[in-house]
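Participant: Got a structure here, written out as structure tokens. Questions coming.
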Amino acid sequence: MEYRNILFQKDGNIAFITLNRPEVRNALDPATWSEIRAAIRQCRQDDEVRVVVITGAGGKAFASGADIRVLRERHALEVLKGEAQETLNEIESLEKPVIAAIDGFALGGGCELAMACDIRIATDRSRLGQPEVGLGIIPGA
């Protein structure tokens, strides 16, 4: 499968999913969530894959959370939440270890993506958080 918002590559028994939207600090829109889910399903079906690593391109963010530009559209929040939840469920149910390799920000949905992984490894300059709670929004709700 060809992806626009992520990079997918294999090195031996390791599959790498790289969020590849550094111009928006790897913000998560419905299409990106869908591509992550498709890549996870690809890993599920590939017996050669023994471990999955999810990371972000650009060196500033693992994933900065929801791409708020898409929230201008009617019903966009419901679509975004649905795509995110389906993807997180897919990661959590994968019977292969999934590692979040965090470098930079992992905020909001990006933090939830990291939390869905089995193992989280972060650099010293990484920052994880749920800034939406400051707006009275419950993470994942």
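Participant: Within segment 116-140, track down each residue that is without any contact (Cβ under 8 Å) to a residue 40 or more places away in the chain and under 12 Å from the mean Cα position of the chain (by Cα).
Facilitator: 116
Results for (1) loosely packed, with under 13 Cβ neighbours inside 10 Å; (2) within 24 Å of residue 14 (Cβ to Cβ); (3) at pLDDT below 95, shown as yes or no for each residue.
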position	(1), (2), (3)
25	no, no, no
39	no, yes, no
99	no, yes, no
118	no, yes, no
138	yes, no, yes
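Participant: Just wondering, is there one or more residues in segment 62-77 that are of a type outside the set (S, T, N, Q), in contact with a Cys (Cβ under 8 Å, 6 or more places away or on another chain) and at pLDDT below 95?
Facilitator: Looking through segment 62-77, at least one residue is of a type outside the set (S, T, N, Q), in contact with a Cys (Cβ under 8 Å, 6 or more places away or on another chain) and at pLDDT below 95.
Participant: Quick test of your reading of the structure: residue 34 fulfils all but one of (1) at negative phi; (2) in contact (Cβ under 8 Å) with a residue 40 or more places away in the chain; (3) out of contact with any helix residue (DSSP H, G or I) (no Cβ under 6 Å at 6 or more places or on another chain); (4) not hydrophobic (A, V, I, L, M, F, W, C). Name the failing condition by number.
Facilitator: The number of the failed condition is (3).
Participant: Please find, among 80, 113, the residue that is in contact with a Pro (Cβ under 7 Å, 6 or more places away or on another chain), touching a residue at least 40 places away in the same chain (Cβ under 8 Å), in a helix (DSSP H, G or I) and surrounded by 16 or more Cβ atoms within 10 Å (Cβ to Cβ).
Facilitator: The unique qualifying residue is 80.
Participant: Hey, another quick one. Evaluate segment 4-15: report whether one residue or more is at pLDDT below 95 and surrounded by fewer than 22 Cβ atoms within 10 Å (Cβ to Cβ). Show your work before the answer.
Facilitator: Here is the first cut: in segment 4-15, the ones at pLDDT below 95 are none.
No - not one qualifying residue is present in segment 4-15.
The values are calculated or read from the model by the stated rules, or taken from the named source; none is laboratory data. Because the structure is predicted, anything quoted here is derived from the model rather than measured. Neighbour counts run over all protein chains shown; Cβ positions are idealised from the backbone, glycine included.
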